[in-house]
Amino acid sequence: MVMNDFGKLLIIFVFFGWYFNPAFAQQESLSEKRAYVFTDVNVIPMDREEVLENYNVVVENGRITAVSPSSKTNIPEDAEKIDGRDKFLMPGLAEMHGHIPGEEDPQYAEDVLFLYIANGVTTVRNMLGTNYQLKLRERVNKEELPGPTIFAASPWLSNDAIPSTEAADKMVREYKTAGFDLLKIGGLNPETYKQMALTAHKIEMPFGGHIPEAVGLEGALEARQTSIDHYDRYVEFLVSEDKKKGRNNGFFGSGIIDLIDRDRISEAIEMTIEAGTWNVPTLSLVEHLAIDEAAEEMIKRPEMKYMPQRILKNWEKAKNDFKNREDFQPDATTALVEFRRELTKRLHEAGAGIVLGSDAPQFFNVPGFSIHHELEMMTNSDLTPYEVLVTGTRNAAEYFGTPEEFGTVQNGRRADLILLNSNPLEDISNVQDRSGVMVRGIWFPEEKIREKLQEIEERN
Ligand SMILES: [Zn+2]
């Protein structure tokens with residue numbers, strides 16, 4: 001009797017314990033198979049501009065363990081074969097200015113993580129966050145949740161949060177201890193900014209995002225800000241105070257773009273290289289607002305069906321509000337877009353560090369999908385498809401100081417891979433012609449991706 005009851009209890013406990021723990025159920029499905037081989041595939045290694053034809057790429061326990069000609073590969077016995085004939089295998093992409101939504105809508109946050117994966121984005125630098133994103137990062141790392149590898153920025157550093165230099169010092173240390181990977185810079189005064197930078201360098205905490213107006217481009221580069229996002233304050237640097245005459249800076253300089261001194265662009269670029277500061281252009285952030293297409297049309301684009309209605313409504317309203325802004329009229333926006341393309345071209349030619357980032361989900365940037373718009377936009381700055389792909393693969397790994405970790409198809413790298421039906425080096429839009437995505441060794445064939453996308457679409 002006693003044994004029987006105990007047995008029943010055990011069954012009930014085990015069954016419900018498993019059943020009501022979706023994390024456990026997920027874990028089972030995510031990692032059941034840990035060895036794969038992509039056979040006879042064309043490898044785009046991204047450590048050099050070359051296609052390695054008829055190669056096998058072996059993946060074991062989340063890592064690439066062999067990249068070799070098909071005839072010479074030792075294939076592990078239990079490896080699942082993925083037919084790579086006539087296909088192209090490239091490293092997964094990094095969205096270096098992404099956002100993962102917060103705890104107010106966990107379903108939306110989880111959907112966003114999947115939208116990144118579905119588009120071949122295997123790394124996301126989350127540009128603003130709380131402890132919630134740290135928890136998501138942990139769940140993704142434990143394979144309880146499908147998602148890209150997350151680097152998490154702190155909450156916004158502003159004068160409200162940091163009223164004194166003492167507070168700046170304390171906050172930087174606290175965010176590091178809490179487990180954030182980066183400090184997100186908003187509006188700080190020059191003194192607190194300086195202290196923030198001093199402590200950040202001391203404890204090796206990167207800081208990036210915006211540049212406070214009072215700090216300016218020179219101040220941020222002097223402080224060796226890790227990254228400048230959206231080309232913040234470049235326009236302001238190129239317009240002298242006496243020319244400005246009280247005019248509003250506008251949106252990333254849209255209000256004063258007609259006043260820039262082009263002769264100083266090279267100076268700005270030299271200073272950037274000297275500081276070792278990375279740029280995350282987020283061209284699509286500005287271009288989506290600047291282009292002629294009506295907001296009402298843009299929210300009908302195919303990828304918009306994966307976004308909650310309330311977000312689409314916000315975007316529509318934002319674009320229409322911008323249209324009425326004095327500092328965002330067509331002459332200014334055309335000049336601003338051209339300037340940003342030119343800056344991308346010249347930073348690239350000079351050898352400055354650029355990483356790929358679109359700022360999703362902001363203004364019509366649907367997570368994952370927007371990275372493909374960003375890739376296309378970067379080719380408008382005369383970068384070849386290969387050069388554009390470098391910014392989203394190898395450069396991202398270099399940015400994090402871990403070039404051995406990911407960003408290329410090489411032995412030992414994390415198995416973050418995109419399998420494509422056509423060659424992305426011939427046309428950058430071929431990065432969307434997917435056959436599947438692998439993230440940290442977890443394989444998502446295209447059919448599985450479609451199914452899950454369908455689910456997300458139905459939810460919205
Ligand atoms: Zn952002």
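The values are calculated or read from the model by the stated rules, or taken from the named source; none is laboratory data. Everything numeric in this text was worked out from a predicted model, so none of it was measured. Positions of Cβ are generated from backbone atoms using ideal geometry, with glycine treated the same way; all protein chains shown enter the neighbour counts. Ligands, DNA and RNA are excluded from the accessible area calculation, which covers all protein heavy atoms including side chains. Shrake-Rupley method; radii C 1.70, N 1.55, O 1.52, S 1.80 Å.
Having 1 or more residues that are touching a Ser or Thr at 6+ places or on another chain (Cβ under 7 Å) is the bar; report the helices (runs of 4 or more DSSP H) wholly within segment 286-368 that clear it.
The qualifying helices (runs of 4 or more DSSP H) are 330-350.
Please name all residue pairs, on different chains or six or more residues apart, with Cβ atoms under 6 Å, provided the first residue is in segment 90-119 and is away from the ligand (no atom under 13 Å from the Cβ) and the second residue is assigned to a strand (DSSP E or B) and basic (Lys, Arg).
Final answer for the pair search is none.
For segment 139-166, enumerate the residues that are under 18 Å from the mean Cα position of the chain (by Cα) and of a type in the set (S, T, N, Q).
Asn141, Thr149, Ser154
Pairs needed: first member in segment 226-241, within 16 Å of Gly98 (Cβ to Cβ); second member anywhere, within 13 Å of the ligand (Cβ to nearest atom) and open to solvent by 10 Å² or more (accessible area, probe 1.4 Å); C-beta distance under 7 Å; at least 6 residues apart or different chains.
Final answer for the pair search is Asp229/His210; His230/Phe252.
Mind listing whichever residues of segment 123-138 are within 16 Å of the chain's Cα centre (by Cα), more than 16 Å from the ligand (Cβ to nearest atom) and charged (D, E, K, R)?
The answer is Arg137, and nothing else.
Inside segment 188-225, can you point out the residues that are of a type in the set (Val, Ile, Thr) and buried (at least 21 other Cβ atoms within 10 Å of the Cβ)?
Of everything in segment 188-225, those that are of a type in the set (Val, Ile, Thr) and buried (at least 21 other Cβ atoms within 10 Å of the Cβ) turn out to be Thr192, Ile211, Val215.
Output the number of residues of segment 254-283 satisfying the condition of being at negative phi, in contact (Cβ under 8 Å) with a residue 40 or more places away in the chain and open to solvent by 30 Å² or more (accessible area, probe 1.4 Å).
Residues meeting the conditions: 7.
Quick one: which residue in Val67, Val57, Val124, Val140 is out of contact with any helix residue (DSSP H, G or I) (no Cβ under 9 Å at 6 or more places or on another chain), open to solvent by less than 10 Å² (accessible area, probe 1.4 Å) and outside any loop (DSSP other than H, G, I, E, B)?
Being out of contact with any helix residue (DSSP H, G or I) (no Cβ under 9 Å at 6 or more places or on another chain), open to solvent by less than 10 Å² (accessible area, probe 1.4 Å) and outside any loop (DSSP other than H, G, I, E, B) holds for just one of Val67, Val57, Val124, Val140, which is Val57.
State the number of residues belonging to segment 89-111 that are part of a strand (DSSP E or B) and in contact with an Asp or Glu (Cβ under 8 Å, 6 or more places away or on another chain).
The number of residues fulfilling the criteria is 3.
Kindly indicate which of Asn320, Asn314, Asn324 is over 28 Å from Ala396 (Cα atoms), over 20 Å from the mean Cα position of the chain (by Cα) and within 16 Å of the ligand (Cβ to nearest atom).
Only one candidate qualifies: Asn314.
Go through Phe237, Phe251 for me and flag whichever is surrounded by 15 or more Cβ atoms within 10 Å (Cβ to Cβ) and under 21 Å from Ser158 (Cβ atoms).
Phe251
Restricting segment 216-236 to residues that are charged (D, E, K, R) and away from the ligand (no atom under 16 Å from the Cβ), which is farthest from Ile256 (Cα to Cα)?
Among them, the one singled out is Arg224.
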